[in-house]
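Student: Dropping the structure in here first, questions after.
The values are calculated or read from the model by the stated rules, or taken from the named source; none is laboratory data. Predicted model only: the values in this text are computed from it and were never measured. Every residue, glycine as well, gets a Cβ built from its backbone with ideal geometry; the counts of neighbours run over all protein chains shown. Surface accessibility is based on the protein's heavy atoms, side chains included, excluding ligands, DNA and RNA. Shrake-Rupley method; radii C 1.70, N 1.55, O 1.52, S 1.80 Å.
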Amino acid sequence: MVTSSERQRPDAAAATGRALPAPARGPGPVRWALAGLSLSALLSSLGTSSANVALPGLARAFDASFQQVQWVVLAYLLAVTALIVGAGRLGDLLGRRRLLLAGILLFTAASLLCGAAPTLGVLIAARAAQGLGAAVLMALTLAFVGETVPKERTGRAMGLLGTMSATGTALGPSLGGLLISGFGWRAVFLVGVPLGLVSLLLVHRHVPADRAWPGAPRTAFDRVGTVLLALTLTAYALAMTLGHGRIGALGVVLLVVAGAGAVAFVRAEARAVAPLVRPAMFRDPALSAGLAMSALVSTVIMATLVVGPFYLSRGLGLQDALVGLALSAGPLVAALSGVPAGRVVDRFGAHRTTVAGLAASAVGCVLLSLTPTAFGVLGYVVPLVVVTGGYALFQTANNTAVLADVAPDRRGVTSGMLHLSRNLGLITGTSVMGAVFAAASATDDVTTAGSGAVATGMRVTFAVAAVLVLLALAVAATGRVLTRRPAQGS
């Protein structure tokens with residue numbers, strides 16, 4: 001949502017000179033357009049999750065250390081995080097359909113280059129290019145919903161895109177493992193080529209074409225703001241990921257750089273004629289609350305990925321196959337919950353559904369913090385299902401609420417900010433929740449910690465996670481009250 005000064009009717013957007021998609025007509029075009037957007041969402045999340053399983057094979061193939069091959073994952077993550085807001089804004093200015101097609105083409109070509117990479121350096125560079133394509137896909141798929149589906153079905157469309165994103169996350173490790181065992185590590189990246197081509201065809205044929213209005217003034221792209229934001233986010237992401245849960249001297253330097261970059265970015269945006277991110281946007285309590293809640297809840301979700309493997313293997317003594325099976329329950333529930341969550345949003349409204357999703361996640365975190373090891377794997381999986389089901393409900397409702405009243409010429413950048421808040425939560429969760437887990441386990445190396453220490457670490461970590469979700473609930477309530485105040489005073 002945006003402030004009243006930023007809201008404008010779609011017909012008024014003609015005065016801005018932006019290229020906007022024309023609405024799709026008829027149920028057939030809408031279904032096929034959503035199919036293309038859904039496949040785009042699947043591609044970007046699959047690119048995030050599938051590469052991790054290839055790291056051991058890459059280390060052997062290129063005779064490299066883990067620290068070297070981890071850049072295959074980091075290059076993608078950094079490119080997405082640093083460029084997603086700029087990609088969304090560029091789509092607002094140049095035309096979202098045009099840029100989405102270019103993003104899919106770049107992602108597909110980069111996937112081919114990844115699969116054919118002769119050296120580790122080429123592979124890392126190709127993964128960065130793939131991440132740039134993924135940033136475009138992530139930023140623009142949500143932005144298209146307002147032009148492709150009727151408003152009363154927005155929640156269902158958001159739920160479908162959330163389902164496909166969760167499906168890619170859940171499918172990545174298992175599909176990657178199958179491809180590696182059958183065809184080698186290159187297949188993990190080459191699978192993106194046929195999927196990308198199908199997505200390119202669907203978007204080209206069925207997503208509404210961009211409209212432009214001749215003679216209208218065009219707004220320049222904020223290059224300075226984009227560069228400053230990209231450098232700031234890159235420094236922050238590196239600080240959170242290079243230390244694997246610990247902030248050393250390099251991490252402190254990077255955080256200082258990130259802080260200085262953030263200050264420079266805010267000052268640059270205040271002076272810019274056409275800023276990348278309008279400072280007035282953050283005076284809208286609904287938008288600010290939505291971004292803050294997304295970051296908080298994503299931090300909690302990352303705790304399930306950081307803590308879960310160690311608790312299941314060290315705390316409960318499960319074998320690797322059973323650990324993987326238990327961990328897949330969370331993404332599977334998120335994938336299955338997306339479309340039903342969208343229907344709930346359409347029927348009961350975004351705010352009520354947001355609160356319900358957060359409440360469910362809080363209950364799940366509390367259960368995880370109290371469950372004794374005697375309950376076994378079910379004592380972990382059942383609360384995990386509650387947490388991730390609540391997350392799917394929250395994410396669909398929050399995405400719908402944030403984008404509901406955004407002016408058409410700002411949907412791309414707002415969608416990019418939504419994804420950025422989620423990515424920053426995941427990055428922060430990796431470091432912060434990992435550090436909480438290690439500290440609560442009272443060990444320097446959780447891979448060798450005893451079952452009792454790991455169980456204690458798990459309980460403390462999810463107690464902290466429950467507090468974060470409760471904080472998100474407080475933000476939801478505060479944002480709602482502040483949003484209503486102008487109406488009550490008018």
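Student: Taking a quarter of the surface of the Cα convex hull of segment 113-162, what do you get in nm²?
Tutor: If I average the Cα hull's projected area over directions, I get 4.2 nm².
Student: Right, next: Full-extension gain between Ala209 and Ser451, please, as 0.36 nm times their residue separation minus the C-alpha to C-alpha distance.
Tutor: On the way: separation 242, 0.36 × 242 = 87.12 nm, distance 5.74 nm.
Extending this stretch completely gives an extra 81.4 nm.
Student: Tell me the label-point distance for the pair Ala260, Ala102, using the 7 Å Cα-to-Cβ offset, in nm and rounded to one decimal.
Tutor: Result: 3.2 nm between the two label points.
Student: Give the residue from Pro340, Leu291, Met302 lying farthest towards the positive end of the charge dipole for segment 262-366; charges sit on Cβ (+1 for Lys and Arg, -1 for Asp and Glu) and the dipole is referred to the Cα centre.
Tutor: Result: Leu291, furthest along the dipole toward the positive end.
Student: Provide the per-residue ³J(HN,Hα) series for segment 458-464, in order, calculated from phi with Karplus coefficients 6.51, -1.76, 1.60 and θ = phi - 60°, each as a whole number of Hz, with x at glycine and proline positions.
Tutor: 4, 5, 5, 4, 7, 5, 5
Student: Using all Cα-Cα distances in segment 238-361, what percent lands in each 5 angstrom bin from 0 up to the longest?
Tutor: 2, 8, 10, 13, 15, 14, 14, 13, 7, 3, 1, 0
Student: Need the full-extension length gain, Leu378 to Trp32, defined as separation in residues times 0.36 nm minus the C-alpha distance. One decimal, nm.
Tutor: Full extension of this stretch gives 120.6 nm more.
Student: Using the Karplus curve 6.51 cos²θ - 1.76 cosθ + 1.60 with θ = phi - 60°, work out ³J(HN,Hα) for each residue of segment 189-198 in order, rounded to whole Hz, and write x for Gly and Pro.
Tutor: Rounded to whole hertz, the list is 8, 5, 5, x, 5, x, 5, x, 5, 5.
Student: From the phi angles alone, apply the Karplus equation (6.51, -1.76, 1.60; θ = phi - 60°) to segment 361-374 and give each ³J(HN,Hα) in whole Hz, x where the residue is Gly or Pro.
Tutor: Going residue by residue, I get 5, 5, 4, x, 5, 4, 4, 5, 6, 10, 5, x, 5, 4 Hz, with x marking Gly and Pro.
Student: Taking all protein chains as present, what is the carbon and sulfur share of the accessible area of segment 264-414, in % to the nearest whole number, probe 1.4 Å?
Tutor: 68 percent
Student: Stretch Leu250-Val224 to full length: gain in nm at 0.36 nm per residue minus the Cα-Cα span?
Tutor: In short, 6.8 nm is gained.
Student: Give the shape of segment 76-134 as rounded, prolate or oblate, defined through the alpha-carbon gyration tensor: a ≥ b ≥ c are the square roots of its eigenvalues, a/c under 1.5 means rounded, and otherwise the shape is prolate if a/b is larger than b/c and oblate if not.
Tutor: oblate
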